[in-house]
Amino acid sequence: MTTLLELQGIEKSFSGINVLKSVDLTIRAGRVVALAGENGAGKSTLMKIISGIYQRDAGTVIYKGNEVKFTTARQSMDAGIGIIHQELNLLPELSVAENIYLGREPTKLGKIQWDVIERESKKYLAQLKQDIDPKTPLGKLSIAQQQMVEIAKALSLNAEVIIMDEPTDALTDIETAILFEVVDELRAQGKGLVFISHRLGEIFQMCDDIAILRDGEMIHQGPVSEITEDDLIRHMVGRELSDQYPFVPAAPGDVRIEVEKLTAHGAKEISFTANAGEVVGFAGLVGAGRTELAKAIFGANPIDSGTVKIDGKEIRLKSPQDGVKAQIGYVTEDRKQEGLVQSQELSTNMSLTGLGRFCNVLGFVNKASEAVTISEYIEAFAIKTRDANTIISNLSGGNQQKVSIAKSLVPEPKVLILDEPTRGVDVGAKREIYTLINKLKAEGLCILLISSDMPELLGISDRIHVLSSGKLTGSFSRAEATQENIMRCAVAGQTNG
Amino acid sequence: MKLNDFISENKSLIGLIILMAAVSFANANFLGIDNMLNILRQTSINAVIAMGMTFVILTAGIDLAVGSILAFAGAICASLIGMDTPLIIALIATIMVGAGLGATSGVIISYFNVQPFIATLVGMTMIRGATLVYTQGRPISTGYFDVAESFYQFGGGYILGIPNPVILMVVIFALCWFVLSQTRFGRYVYAIGGNENVARLSGINVKKVKILVYALSGALAALAGIILTARLESAQPTAGLGYELDAIAAVVLGGTSLAGGKGRIFGTIIGALIIGVLNNALNIMDVSSYYQMIAKGAVILLAVVVDSRGKSNA
């Protein structure tokens, strides 16, 4: 078992804050090491140091026996270290093939060899069982498909060391299974892999070794077989987590939202109702139309036919303004592009949707009352931030998600739609979000929960609807719902995968 | 606030102070009260336009039509004054014309999905053409009625020794500062520039805000037209040629990002003053007007490079 990459005593600080404290990590050929830790533990920073995006302050990196100091991502890539980033780093306007070969296009007399690029891209996509035309503009693909393209890109580098930063977050179970097969193959080929995931089940299923980071320190390293899930969670959060999915039964109130025969882009004749004080889950594969349904109900996507009633009154939905006016809150699955203005402050982001609450008739903002509400949410949601003026992009994913949820709650909605609320969020923060959902439910909020994380959906929903190819294919009470019968409905009527 | 933060947030102000210090060493007359007031008065027209431009650029847009709007509004205003229209009506009508022209750009940008650069480039050309048609290429005098005398005060008068255009500039600055930092509309302007998609999904009426922003830019360009026309006691068909570029330069010198979502109205005032001081300094130092343009461009380039280096290192 040869060591491919060895990190020793890595130190890194940003503006005086120590984010990595003397971290050691060994990546061996033919083994998958899981890197676990809460958001903000330093996992991504560590990976960025390996790949040369950040420079280490101290410590050594030994790659195949030689000490290396990459100063650009390009150098590490050329040396054989591939990284699949958590945030997609692809260009939506370019084709799939162009994305895969961006910056290293094979040329002949200065002309790009398109046939080679397309043929090779198709080969790597086929390895991932993706039937995608390499000429398709990337932006036309679903997020899951884009993620598969990102993985294909890493494969095409023929890297010795492959780092996967939450590759399954955007994937459904089917695509995850495909990815795992590929990982097995890479392992057999003697590659060294690093796998970062918040889904603990995947760590136990996939990985040989585990390395656990907490607050920038390496807490534990060893074979996965020698650790239990409870130990893992305890190491990660530094405290006991009694129950991952705290469910609080609640007596649902009156019918709050009635959706009748709603047809919109990606959704066909969908009818359902949801009550006050209830969490209604929406299951389905990626591309089943759940996000499209949510956006139509919020007014962000045009409705072709059908009606939406809130408290028995039909509402007009032409734009997101109508959704906000009808007291619908929508927490998008895409924080970066749709949820929060990354370059601006936490405070202005959080109050953006509900700014009207703090304004007089002339539109003057009462900054004092705004600040009070913002600090209440920061405290209630345990958002870890220096202050309310911190720029959003400087917050960890979990904290950004909490800001995003708070932003939707500031206008005091009656219906809250959560689209993948725990994507890219660590175990501790996930639990906080579940507790939050329960609390909101108890306060009488009607919550529509879209999630591709099945245990989560089963764990906190009162009822579950299943969508497939834009149609409602099944509805289950909490007692009836199991992974199997949900999956059966989710694949029902699927024409292509 | 730490000294470092203060410096990085007020680079344009520090640049202005250094520039003024340098010029005052080179020429003893520079720091005199008269010359200072002169600079402020010369700056006021560009500053008023640039403040409207700040709103537009904050939404990640651009408004190239302001120079033409200035000329057209000035011509309308001169005609109205020349016809003995009551002052207040003439002023309101002129500003409404500017706002209407700006709003038209906004509608084209929002509803027909035309790039702001193209939409306002078209506006710049057409409105300049309309001005030439309306004036038949000749200046329009504000005439000899009594109202022309009170109208002149907007450009040439003083209150307590301070030129009226300077007072107008300060009032507009206070209003713009208030709107940007204290109102819902201001927040929406920043949000749209930061990420239009996020703004839309936050329930903001993005189209309406954009139209209002371009209307404001047009209205302030018309106000600049009023000041210029009043001072010259006539409207020139070629007034305001190239003013859009000075306004954009002032906004950028003031630290507002052309990508939108970041910037302050105070910075724009400083940016306009840097350009004003530079023009004035080159004049009193007897630099030929040909060289002035090269010098001005070089200083703007230097300022922007210093600013962007600071950003990438942060």
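The values are calculated or read from the model by the stated rules, or taken from the named source; none is laboratory data. No experiment lies behind these values; they were computed from the predicted model shown. So basically every Cβ, Gly included, is an ideal-geometry build from the backbone, and we count neighbours across all protein chains shown. In case anyone asks, the SASA skips ligands and DNA or RNA and just uses the protein heavy atoms, side chains included. Shrake-Rupley method; radii C 1.70, N 1.55, O 1.52, S 1.80 Å.
Observations on the model:
- Selection status of B:ALA28, without any contact (Cβ under 8 Å) to a residue 24 or more places away in the chain, more than 30 Å from B:PRO116 (Cβ to Cβ) and open to solvent by less than 70 Å² (accessible area, probe 1.4 Å): no
- Of the criteria (1) open to solvent by 10 Å² or more (accessible area, probe 1.4 Å); (2) touching a residue at least 12 places away in the same chain (Cβ under 8 Å), which one B:VAL48 fails: (1)
- Residue check for A:GLN221: in a strand (DSSP E or B), open to solvent by 40 Å² or more (accessible area, probe 1.4 Å) and of a type outside the set (A, V, I, L, M, F, W, C): yes
To keep it simple, each residue is scored yes or no on (1) of a type in the set (A, V, I, L, M, F, W, C); (2) closer than 22 Å to B:ARG138 by Cβ; (3) part of a loop (DSSP other than H, G, I, E, B).
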| position | (1), (2), (3) |
| --- | --- |
| B:ASP63 | no, no, yes |
| B:PHE72 | yes, yes, no |
| B:ALA78 | yes, yes, no |
| B:ALA93 | yes, yes, no |
| B:LEU101 | yes, yes, no |
| B:THR104 | no, no, no |
| B:VAL114 | yes, no, yes |
| B:THR120 | no, no, no |
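- Segment B:160-209: number of residues that are in a helix (DSSP H, G or I) and within 14 Å of another protein chain (Cβ to nearest Cβ): 28
- Single condition B:PHE185 does not satisfy, out of (1) touching a strand residue (DSSP E or B) at 6+ places or on another chain (Cβ under 9 Å); (2) under 30 Å from A:LYS407 (Cβ atoms): (1)
- Only one entry of A:GLU338, A:GLU333 meets the criterion of being more than 10 Å from chain B (Cβ to nearest Cβ), closer than 26 Å to A:ILE297 by Cα and either open to solvent by less than 30 Å² (accessible area, probe 1.4 Å) or under 23 Å from the mean Cα position of the chain (by Cα) (or both), and that entry is A:GLU333.
- Any hit, segment A:353-362, residues being of a type in the set (Gly, Ala, Ser) and either modelled with pLDDT of 95 or more or within 30 Å of A:GLY216 (Cα to Cα) (or both): no
- Test result for A:ARG423, over 23 Å from B:GLY186 (Cβ atoms) and within 14 Å of another protein chain (Cβ to nearest Cβ): no
- Those helices (runs of 4 or more DSSP H) of segment B:233-314 in which at least 1 residues are modelled with pLDDT under 85 and either open to solvent by less than 30 Å² (accessible area, probe 1.4 Å) or aliphatic (A, V, I, L, M) (or both), considering only elements entirely within it, cover B:289-313.
- Checking each residue in segment A:81-122 for being under 30 Å from A:SER44 (Cβ atoms) and charged (D, E, K, R) picks out A:GLU87, A:GLU93, A:GLU98, A:ARG104, A:GLU105, A:GLU120.
- Extreme residue, farthest from B:PHE178 (Cα to Cα), among residues of segment B:1-60 that are of a type in the set (Ser, Thr, Tyr) and more than 21 Å from the chain's Cα centre (by Cα): B:SER24
- Restricting attention to segment A:388-424 and to residues that are under 24 Å from A:LEU293 (Cβ atoms) and charged (D, E, K, R), the residue that is surrounded by the most Cβ atoms within 10 Å (Cβ to Cβ) turns out to be A:GLU420.
- Just one of the listed residues (A:THR373, A:THR385) is among the polar types (S, T, N, Q), outside any loop (DSSP other than H, G, I, E, B), surrounded by fewer than 22 Cβ atoms within 10 Å (Cβ to Cβ) and away from chain B (no Cβ under 13 Å), and it is A:THR373.
- Of all the residues in segment A:97-111, those that are of a type in the set (A, V, I, L, M) and more than 25 Å from A:ILE151 (Cβ to Cβ) number 1.
- Single residue of A:GLN145, A:GLN130 found to be out of contact with any Pro (no Cβ under 7 Å at 6 or more places or on another chain), modelled with pLDDT under 85, crowded, with 19+ Cβ neighbours inside 10 Å and in a loop (DSSP other than H, G, I, E, B): A:GLN130
Okay, residues lined up against (1) in contact with a Lys or Arg (Cβ under 7 Å, 6 or more places away or on another chain); (2) closer than 23 Å to A:ASP169 by Cα:
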| site | (1), (2) |
| --- | --- |
| A:ILE17 | no, no |
| A:VAL23 | no, no |
| A:VAL32 | yes, yes |
| A:THR45 | yes, yes |
| A:LYS64 | no, no |
| A:LYS69 | no, no |
| A:SER76 | no, no |
| A:GLY82 | no, yes |
| A:TYR101 | no, no |
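- Here segment A:341-368 is the region considered, the condition is being within 7 Å of chain B (Cβ to nearest Cβ) and under 20 Å from A:ALA380 (Cα atoms), and the residue that is surrounded by the fewest Cβ atoms within 10 Å (Cβ to Cβ) is A:THR348.
- Just one of the numbered conditions (1) open to solvent by less than 20 Å² (accessible area, probe 1.4 Å); (2) of a type in the set (A, V, I, L, M, F, W, C); (3) outside any strand (DSSP E or B) is not true of A:PHE247: (1).
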